[in-house]
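Laboratory data are not the source of any read-out in this text; all were calculated from the coordinates shown. The model shown is predicted, which means the values in this text are computed figures rather than measured ones. Quick reminder, even Gly has a Cβ in these numbers, built from the backbone with ideal geometry, and neighbours come from all protein chains shown.
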Amino acid sequence: MTALLNVRNLGVVYPDGGRRLRALDGIELALEAGEALGIVGESGSGKSTLARAILKLIAPTTGAIEWLGRDIAAFTAADLTRLRRDLTVVFQDPVASLDPRLSVADSIAEPLIVHAPALTAPQRSRRIDAMLEQVGLGSGYGARYPHELSGGQCQRVAIARAMITGPKLVVCDEPFSALDVSVQAQIVNLFAELRRETGTALLVISHNLALVRHLCSRVMVLYLGRVMEIAPAEDAFGAPLHPYTRLLLDAVPRLGHPPLALEAGESASPFEPPSGCVFRTRCRHAIGRCAVERPPLAAAGSTRAVACLRAGEGVARAARAG
Ligand code: ADP
Ligand code: MG
């Protein structure tokens with residue numbers, strides 16, 4: 001079966017004041033229908049750039065993105081309209097992503113008017129009311145305006161807007177980070193429910209590993225625009241193979257433990273990424289070879305892959321003391 005989405009050797013370079021910033025380098029990814037994949041990594045690792053390329057908001061510098069087996073760069077206007085119906089997005093800031101002049105119902109109606117023009121007004125209203133119920137707001141919210149709603153309620157409206165066309169994939173870029181902690185959990189549960197009910201696939205970008213773990217069956221770890229590790233969520237979080245995954249896990253605050261400082265401090269510069277393994281300047285397991293050889297993303301068993309020359313030695317296994 002063809003994957004829903006294939007990212008092939010994707011590279012994105014931004015021109016930045018005369019310099020070139022390689023935001024993504026050689027990304028490979030296949031997403032199956034109905035799958036929930038998390039993308040994690042520190043700020044600047046290229047997560048939003050990957051989302052923008054998949055949504056065809058920016059063009060790849062190298063490589064390709066295929067939707068149902070076809071390169072989206074070659075899509076016709078009609079293909080693109082279908083893509084906007086089947087591949088939708090939820091952004092970080094729910095308040096900014098809604099038009100303040102539109103009522104909740106009008107906001108959710110917009111994509112329906114484009115993608116289901118044959119619906120009569122009453123049919124459209126019924127769909128919108130049902131969607132409002134599905135996202136836990138109730139049809140009474142249709143007449144309200146964004147400024148009357150909380151952040152969590154606005155995010156529910158944004159999710160309703162993204163779901164109303166019956167998409168095959170919803171890309172969510174930091175959908176929780178603008179919300180209060182208690183509301184984050186509610187939104188995670190809402191996504192999980194919608195997935196069960198509709199079978200839609202999710203691509204969830206988040207720096208919150210706990211939320212990703214809860215929602216996603218697989219996780220891809222990015223650092224400086226490269227894939228460090230991709231694995232079933234329980235393996236990546238339970239038994240990471242890449243020292244960078246380990247570092248991300250160790251940085252998660254745990255009850256009764258102060259969060260550990262990120263090892264070797266800051267991320268390296270994206271303008272001058274380290275030779276060989278880009279993570280080596282922060283890695284306590286780095287050896288001479290790591291500065292010379294770029295580690296390939298190599299299969300580790302049948303379900304995971306890791307880009308670390310020393311992954312086979314189990315260097316990422318042990319949690320750090322402290
Ligand atoms: P993330 O979402 O993981 O924080 P981004 O994809 O936003 O990462 O950014 C990846 C890198 O690309 C960062 O170094 C960022 O500064 C840079 N970048 C992002 N957008 C642009 C842009 N429009 N022009 C130049 N550089 C950019
Ligand atoms: Mg981002």
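Taking every pair of Cα atoms in segment 104-215, average 1/r, invert it to obtain the Kirkwood radius, and report Rg/Rh to two decimals. Let's see the in-between values first.
Numbers: Rg = 13.9 Å, Rh = 14.4 Å.
The Rg/Rh ratio comes out at 0.96.
Show the residues, 5+ positions off or on another chain, whose built amide H is closer than 5 Å to the amide H of Ala36. Counting only residues 5 or more places away or on other chains, the set is Leu202, Ser217, Arg218. Histogrammed with a bin width of 5 Å, the alpha carbon distances of segment 81-147 distribute as 3, 16, 23, 28, 22, 7, 1 percent, first bin at zero. Shown for the chain is the translational diffusion coefficient from the Stokes-Einstein equation, using the Kirkwood radius over Cα pairs, a temperature of 4 °C and a viscosity of 1.567 mPa s: 62 µm²/s. Of Met163, Leu137, Gly151, whose Cα points farthest to the positive end of the dipole of segment 122-166 (charges on the beta-carbon: +1 Lys, Arg; -1 Asp, Glu; origin at the Cα centre)? The one lying farthest along the dipole's positive direction is Met163.
Among Thr200, Thr61, Thr49, the residue with the largest mean-square fluctuation in a Gaussian network model of the chain, with springs joining Cα atoms closer than 10 Å, is Thr61. Qualifying trypsin sites (Lys or Arg not before Pro) in segment 74-117, where qualification requires a DSSP coil assignment and no more than 14 other C-beta atoms within 10 Å, comprise Arg101. For segment 123-131, 3J(HN,Hα) computed residue by residue from phi via the Karplus equation (6.51, -1.76, 1.60; θ = phi - 60°) reads 4, 4, 4, 5, 4, 5, 4, 5, 5 Hz, glycine and proline entered as x. The orientation-averaged shadow of the Cα convex hull for segment 126-175, equal to a quarter of the hull surface, comes to 3.7 nm². Largest GNM mean-square fluctuation across Gly276, Gly225, Gly18, computed for the chain with C-alpha springs under 10 Å, falls on Gly18. When only alpha carbons are used to place a centre, segment 57-102 and segment 165-244 end up 19 Å from one another. Taking only the alpha carbons of segment 1-151, we obtain Rg and Dmax values of 18.4, 55 Å in that order.
Near Leu5, the amide H atoms lying under 5 Å from its own belong to Leu31, Leu68; only residues 5 or more places off or on other chains count, and H is placed 1.01 Å from N.
Considering only DSSP beta bridges whose two residues both sit in the chain, what percent are antiparallel, to the nearest 5? Numbers along the way, then the final one.
Values: 27 of 44 bridges.
The antiparallel fraction comes to roughly 60 percent.
For the residues Phe271, Phe91, what sequence is obtained by ranking on other C-beta atoms within 10 Å, fewest first? Let's see the in-between values first.
Details: Phe271 10, Phe91 18.
In order of increasing Cβ crowding within 10 Å: Phe271, Phe91.
Angle, helix 181-198 long axis vs. longest principal axis of the chain, Cα atoms, 0 to 90°, nearest 10? Computed tilt is about 70 degrees.
Relative to the Cα centre, what is the charge dipole magnitude of the chain, using +1 at the beta carbon of each Lys and Arg, -1 at the beta carbon of each Asp and Glu, and rounding to the nearest 20 debye? Spell out each step's value before the answer.
Working: 35 positive and 31 negative charges, 87 e Å.
Roughly 420 debye for the chain.
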